[in-house]
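Trainee: Here it is, the structure in full.
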Amino acid sequence: MLLLALFRDVLANGRPLYCRIDGAAYFPGLRTVLIDKDAPYSQPALRRIQQQEQTFEAWKNLLNYDEMPVFAPIPFTPGEYSRQNANAFLRPGDVHPNLSDRFRHWLGTEEGGRDVAAGIVGGARIAVLVGLLSMGIAGVLGLLLGAFAGFWGDDQLRVSKIELWSTLAGIPIAFFFAVSARKYALDTAQTTGEWGKSLAIFILVASGFYLAGKFLGKISGTTGKVTMPVDLILMRLTEIFNAVPKLIFILVIAALLPKDQSIWVLIALIGFLSWTDVALFVRAELLRVRELDYVTAARGLGLSELRIFVRHALPNALRPALVIFAFGIAGAILLESVLSFLGFGGDALKGISWGSLLDSVRARPAAWWVAIPPDWLSPLLY
């Protein structure tokens, strides 16, 4: 699957990998590896083909080239469809209408005319992207929260009272400026950019109050500290996240966001809801590690708690996190398939996700060739 994801544009591409026009050699298909396929070409010959009204047919019109161009084994881009032949199911092995025999749909097409074989290859990239990045987010969050809970417990972390009260006072103020004061902008937002701005505002305001408390503590000379029950707070937070069904929660969030969300929103949502297993395993490992002899010896040498945590305790607690990370990738891929099947992402994921391929079967249940490949691949990964 990793090979399919990495070499997607070489295996499934609706544009020639190599062609000659007016005696010059071009590689229009390979450019899509690094650049958006809809970006205009700098070469006039390629831009002339790209700007034709029927772009789908123009790239596959052999009369536009000096000689037979070199196409990918699957000569269709994932999600690509012809406006002239849209909403037409083609059976496996059928040649695309009005094109040469070279352009054959080996696994047929779905209800929008998108090639199923290209969708399988494109779905591999979506699966790898969602699995790795979402679990990367979950791994970072779970590692940090679980490590804090396990290493400092309920009686090891002491913070200044001024810093604590200043930070707590800043949270509702940060929420007001980030959400309440920007309610109109958030309600009328067409993209997730406004929500990103609100998140940045919340972090900046809350950080400002924390730094203000730190500064006030220094100039006042106050040394009063309070013990923070880190383990208690984070474990109750973990239980809350575990009690909320991921699928239902993501569907609720999706209903509040604008339609046709990109894959990046889906990755973020899955990542922020999948950190609990990593946190629990890392916490359990840190509870064991912090009592070992080398940690006690480090404390006896006078090393700071932060240095002991970063240099000695945390690296020895990463092994269980890596195991959970591996298993979590499969769960993230299945969750993405379910969400795209239910319509999350809209046209942005149409024909390029295994779940969206299954969704298209509902328009024509007799199209068995659309249902079988993704229905076989998704459970196999788990």
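The values are calculated or read from the model by the stated rules, or taken from the named source; none is laboratory data. Quantities reported herein were computed from a predicted structural model and do not represent experimental measurements. Note that we place each Cβ from the backbone using ideal geometry, even for glycine, and neighbour counts take in every protein chain shown.
Trainee: Of all residues in the range 35-92 being among the aromatic types (Phe, Trp, Tyr) and assigned to a loop (DSSP other than H, G, I, E, B), which is farthest from ILE120 (Cα to Cα)?
Mentor: First pass over the range 35-92, keeping only residues among the aromatic types (Phe, Trp, Tyr): 41, 56, 59, 65, 71, 76, 81, 89.
Narrowing the set further to residues that are assigned to a loop (DSSP other than H, G, I, E, B) leaves 41, 65, 71, 76, 81, 89.
Details: TYR41: 27, TYR65: 29, PHE71: 18, PHE76: 12, TYR81: 15, PHE89: 16 Å.
So the residue we want is TYR65.
Trainee: Let me ask something additional. Tell me the helices (runs of 4 or more DSSP H) entirely within the range 139-231 that contain at least 3 residues that are at pLDDT 80 or above. Write out each step before concluding.
Mentor: Working: elements: 161-175, 183-187, 193-220.
Hits in the range 139-231: 161-175, 193-220.
Trainee: Restricting attention to the range 187-211, which residues are surrounded by fewer than 16 Cβ atoms within 10 Å (Cβ to Cβ) and aliphatic (A, V, I, L, M)?
Mentor: LEU199, ALA200, ILE203, LEU204, LEU211
Trainee: Mind checking whether some residue in the range 119-136 is within 33 Å of the chain's Cα centre (by Cα), in contact (Cβ under 8 Å) with a residue 24 or more places away in the chain, farther than 30 Å from THR77 by Cβ and surrounded by 20 or more Cβ atoms within 10 Å (Cβ to Cβ)? Walk me through it before giving the result.
Mentor: Our first condition is that a residue be within 33 Å of the chain's Cα centre (by Cα); within the range 119-136, this holds for 119-136.
Filter again for in contact (Cβ under 8 Å) with a residue 24 or more places away in the chain, leaving 119-136.
With farther than 30 Å from THR77 by Cβ added as a condition, the list becomes none.
Within the range 119-136, not a single residue is within 33 Å of the chain's Cα centre (by Cα), in contact (Cβ under 8 Å) with a residue 24 or more places away in the chain, farther than 30 Å from THR77 by Cβ and surrounded by 20 or more Cβ atoms within 10 Å (Cβ to Cβ).
Trainee: For the range 95-115, check the following and say yes or no: at least one residue is in a strand (DSSP E or B), acidic (Asp, Glu), surrounded by fewer than 24 Cβ atoms within 10 Å (Cβ to Cβ) and out of contact with any Leu (no Cβ under 7 Å at 6 or more places or on another chain).
Mentor: Pass one, the range 95-115, residues in a strand (DSSP E or B): 95, 104-105, 109, 115.
Now restrict to residues that are acidic (Asp, Glu): 115.
Filter once more, so that each one left must be surrounded by fewer than 24 Cβ atoms within 10 Å (Cβ to Cβ): none.
No, there is no match, as no residue in the range 95-115 is in a strand (DSSP E or B), acidic (Asp, Glu), surrounded by fewer than 24 Cβ atoms within 10 Å (Cβ to Cβ) and out of contact with any Leu (no Cβ under 7 Å at 6 or more places or on another chain).
Trainee: Being under 21 Å from GLU80 (Cα atoms) and either part of a strand (DSSP E or B) or not hydrophobic (A, V, I, L, M, F, W, C) (or both) is the filter here; which residues of the range 4-25 pass it? Break it down stepwise before answering.
Mentor: First, the residues of the range 4-25 that are under 21 Å from GLU80 (Cα atoms): 4-19.
Scanning the range 4-25 gives ARG8, ASP9, ALA12, ASN13, GLY14, ARG15, PRO16, TYR18, CYS19.
Trainee: Next up: Give me the pairs: first residue in the range 62-82 and farther than 28 Å from SER353 by Cα, second residue of a type in the set (Lys, Arg), beta-carbon distance under 6 Å, and six or more apart or on different chains, which are they?
Mentor: Final answer for the pair search is ASP66/ARG20; GLU67/ARG20.
Trainee: If you scan the range 88-117, which residues turn out to be more than 21 Å from TRP354 (Cβ to Cβ) and not aromatic (Phe, Trp, Tyr)? Talk me through it step by step, then tell me what you get.
Mentor: Going through the range 88-117, the residues more than 21 Å from TRP354 (Cβ to Cβ) turn out to be 88, 93-104.
Passing the criteria: ALA88, GLY93, ASP94, VAL95, HIS96, PRO97, ASN98, LEU99, SER100, ASP101, ARG102, ARG104.
Trainee: Please go through (1) surrounded by fewer than 22 Cβ atoms within 10 Å (Cβ to Cβ); (2) at positive phi for ILE171 and return the number of the only condition it doesn't satisfy.
Mentor: ILE171 satisfies all of (1) surrounded by fewer than 22 Cβ atoms within 10 Å (Cβ to Cβ); (2) at positive phi except (2).
Trainee: As an exercise: evaluate GLY14 against (1) closer than 16 Å to GLY351 by Cβ; (2) modelled with pLDDT under 85; (3) buried (at least 16 other Cβ atoms within 10 Å of the Cβ) and give the number of the one condition it does not meet.
Mentor: With (1) closer than 16 Å to GLY351 by Cβ; (2) modelled with pLDDT under 85; (3) buried (at least 16 other Cβ atoms within 10 Å of the Cβ) applied to GLY14, the lone miss is (2).
Trainee: To continue, here is another question. Mind checking which residues of the range 281-338 are without any contact (Cβ under 8 Å) to a residue 60 or more places away in the chain and in a loop (DSSP other than H, G, I, E, B)?
Mentor: Correct list: GLU291, LEU292, LEU301, GLY302, LEU303, SER304.
Trainee: Still on this structure, please answer the following. I'd like to verify a number: residues in the range 339-379 that are assigned to a helix (DSSP H, G or I), over 23 Å from HIS105 (Cβ atoms) and at pLDDT below 75, how many? Walk me through it before giving the result.
Mentor: Narrowing the range 339-379 to residues assigned to a helix (DSSP H, G or I): 339-341, 346-349, 354-361, 368-379.
Filter once more, keeping what is over 23 Å from HIS105 (Cβ atoms): 339, 346, 379.
Now narrow it down to the ones that are at pLDDT below 75: 346, 379.
Adding up the residues that qualify gives 2.
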